[in-house]
Amino acid sequence: MKRTVFPNRWLPYLLVLPQMLVTIAFFFWPAGKSLYLSVFKSPPFGGRDVFIGLDNFVALLTDRDYYDSVLNSFVFAAGVTGLSVVGGLLIAVLANQKIRGLAFYRTALLWPYGIAPAVAGIIFLFIFHPAYGILPYFLSFVTTYEFNWLLKGWVAMALVILATSWTHLGYNIAFFLAGLQAIPTSVMEAANVDGAGAVRKFTAIIVPLISPVTFYLVVVNMVFAFFNSFGVIHAVTHGGPGNATEIMVFKLWKDGFVGLNLGSSAAQSVILMAVVIGLTMLQFRFAEKKVTY
Amino acid sequence: MSDARTTTTVVTAGAVAAPRMATARVATAELERQRRRPDWGNLLVHLALAACVAVLAFPLYYAFVISTQAIDEVIQKPPRLLPSTHMVENYVEAWRRSGMARLLVNSAIVAIGVAVGKIAISMLSAFAIVYFRFRGAGLVFWSIFLTLMLPIPVRILPTYEVVGNLGWLNTYAGLTVPLMASATATFLFRQFYLTIPNELAEAAQLDGAGPLRFLWSFLLPLSWANIAALFVVLFIYGWNEYFWPLLITNTEEMRTVVIGLERLIPRSGTELPTWNLIMAGAMMALLPPVAVILFMQRWFVKGLIESEK
């Protein structure tokens, strides 16, 4: 399609200038600098950078703590994604049952998305509080297990996963509802006429037809869990107990800004960059297929 | 509404099964009977959804309850799940102790600044890409696209350094400008401009309107729905941003509310944990973005779904 264009030689450059300035100054230059720093050793308090090749990466890949943070990141991301995508789909299917009040339910399920993960974490911190929290209190009736997130790493992990999923569930519900409403009513009616039960309709029709949305949400939730979850960790557990909830982003911050190990921090940035590029590629590969359904 | 749907169902069922009218008639009768029966299935769906809503609302309710209790009520066993009478004094004390007024003002400035800035620069660059033919347009488009792959954590240290060199540490500019480049907003405006009929730009040109006039008097009024939708989503994003404000602010006066709240939590064992005040602070920090979602939910859902495509 040929579009009408305005004949002007310099105006378009002026129009893209603000965006390009911000992009170059705060995206490309820093990303390039991260790549550069990752292969140099820079003294934190000035002095010349020394080229050390892949030493920063080798040091990371031989570091037990780094593997722990990678594993923690995957456990955290899988927990958040699993809980909020599966939960989101089930709730969205319920809300899509042609009942009255869909708009009300959507709002009533969506509002936690406005709560910052860090603030959600603080609320869950008290729910999980070993001495006063309501959850350990009720669990003490059914088990003598000491449900203390300050001592047990997996309890701390459950805490941050639940808090993050709480804020993110509504996002997934909104997308699933939009996807479910795009399923042609004739398909569901045909299934009704064929006498398909609720479970069969779910597994044979809804799940396959909604799969592009599901895939998209899995990727987005993974990205969110990997890159936007610094707040909940910092505000609640500080990576503890031990390093049980130290995810990659938190370790990057700790090594760079607390430990002032710039080279290692930059190398961690580069590895995270590879992760996000992989996830984004995955998302766009699938976005092309989405058009055909 | 449900009646209209049932009618369609009947019609479709009839059309599909046309050669076997008997089957179709049985199906129709069956559907008719289902419609008249008091619908227990619907009731169950409502109950299940209400349970979901209650589970999701519980943490907020619990935080609110704690924020209204005196500290001895907070730590009593069994836990008290009903609001108490100390709400006003707790909120006043939390407000005072955390410097809440300043925190909320800072968060509002950051959230509105990021939202307005992103929308403005994205509109301009999308306008340039769609309505001009210029050397390097492809390069501009791809460089905007690539920002999707560079979230804050992967460029954090050098970005901090750039902001420091600009003298922007601990300033509103430092808090907002580095968050402003947005590929998603640019793409949203680009998609939207592409749906606007060519004739509009032709007519504007015939009338002697220049490009800026066209942007201001034609495109902007058409874009309000998109702007509102993006604004809500970006406001929430800016309000809840944690990593960046934590790094580049170093005085109480410049903290945003999600950062300031963390400082109400006692980290040493000797401090008295004032959980009622912490929860009062949490309620004040989460109220503005949640209210924005509730009151602008139509825009919010539109923005969420369209900007992420």
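Rule-based calculations on the coordinates, nothing more; no lab input. Source: prediction; values computed, not measured. Using ideal geometry, Cβ is built from the backbone for each residue, glycine included, and neighbour counts are taken over all protein chains shown.
Panel order for A:Thr81, B:Thr171, by other beta carbons found within 10 Å of each beta carbon, from fewest to most: B:Thr171, A:Thr81.
Using alpha-carbon positions, what is the distance between the centroids of the stretch A:120-152 and the stretch B:82-137, in Å? Spelled out, the Cα-based centre of one part sits 34 Å from the other.
All other residues whose Cβ lies under 13 angstrom from that of B:Ser125 are scored, Lys and Arg at +1 and Asp and Glu at -1, for a net of +2. Using a Gaussian network for chain A with springs between C-alpha atoms less than 10 Å apart, which of these wobbles most: A:Gln181, A:Gln268, A:Gln283? So, out of A:Gln181, A:Gln268, A:Gln283, the one fluctuating most is A:Gln181. Among A:Ser186, A:Ser140, A:Ser34, which one shows the biggest mean-square fluctuation in a GNM of chain A, springs joining Cα atoms closer than 10 Å? So, out of A:Ser186, A:Ser140, A:Ser34, the one fluctuating most is A:Ser186.
What Kirkwood radius, in Å to one decimal, follows from the Cα pairs of the stretch A:119-271? Taking the inverse mean of 1/r over all distinct Cα pairs, the stretch A:119-271 comes out at 18.6 Å. What you get for the stretch B:97-307, charging only the Cβ of Lys and Arg (+1) and of Asp and Glu (-1), is a dipole of about 100 debye around the Cα centre. Assuming R0 = 30 Å, what is the FRET efficiency of B:Leu166 and A:Tyr67, from their Cβ-Cβ distance, to the nearest 0.05? It comes out at approximately 0.20.
For A:Ile52, the residues 5 or more places off, or on other chains, whose built amide H falls under 5 Å of its own are A:Phe40, A:Lys41. What the phi angles of the stretch B:62-67 give under the Karplus curve with 6.51, -1.76 and 1.60, with θ = phi - 60°, is a coupling list of 4, 4, 5, 4, 4, 5 Hz, glycine and proline written as x. Which is farthest toward the positive dipole end of the protein assembly as shown among B:Ala54, A:Ser211, A:Leu262, measuring Cα position about the Cα centre, with Cβ charges +1 (Lys, Arg) and -1 (Asp, Glu)? Going by the Cα projections, it comes out as A:Ser211. Long hydrophobic helices in chain A, taken as whole DSSP H segments with a C-alpha length of 27 Å or more on their own axis and mean Kyte-Doolittle hydropathy at least 0.5: A:64-95, A:153-181, A:207-227, A:262-290.
Pairs of C-alpha atoms in the protein assembly as shown farther apart than 46 Å represent 23 percent of all such pairs. Taking label positions 7 Å along the Cα-Cβ direction at both B:Ile75 and B:Leu222, the computed distance is 6.5 nm, reported to one decimal.
If R0 equals 51 Å, the separation of the Cβ atoms of A:Lys98 and A:Arg48 corresponds to a calculated FRET efficiency of about 0.15. Here is the list for the stretch B:187-296: GluC sites (Glu not before Pro) lying in DSSP coil, each with at most 16 other C-beta atoms within 10 angstrom of its C-beta, are B:Glu271. Based on the Cβ-Cβ distance of B:Tyr61 and A:Leu90, what FRET efficiency does E = 1/(1 + (r/R0)^6) give at R0 = 22 Å, to the nearest 0.05? Efficiency for this residue pair is about 0.45. Using C-alpha pairs under 8 Å with a sequence gap of at least 6, the mean separation divided by the residue count of the stretch A:53-290 gives a relative contact order of 31 percent.
Computed about its Cα centre, the charge dipole of the stretch A:53-290 is approximately 720 debye, with only Lys, Arg, Asp and Glu carrying charge at their Cβ. For B:Met180, no residue whose modelled amide H falls within less than 5 Å of its own remains once neighbours fewer than 5 places apart on the same chain are excluded. Using θ = phi - 60° in the Karplus curve 6.51 cos²θ - 1.76 cosθ + 1.60, the 3J(HN,Hα) couplings for the stretch B:213-219 round to 4, 4, 4, 6, 8, 10, 5 Hz; x is entered for Gly and Pro.
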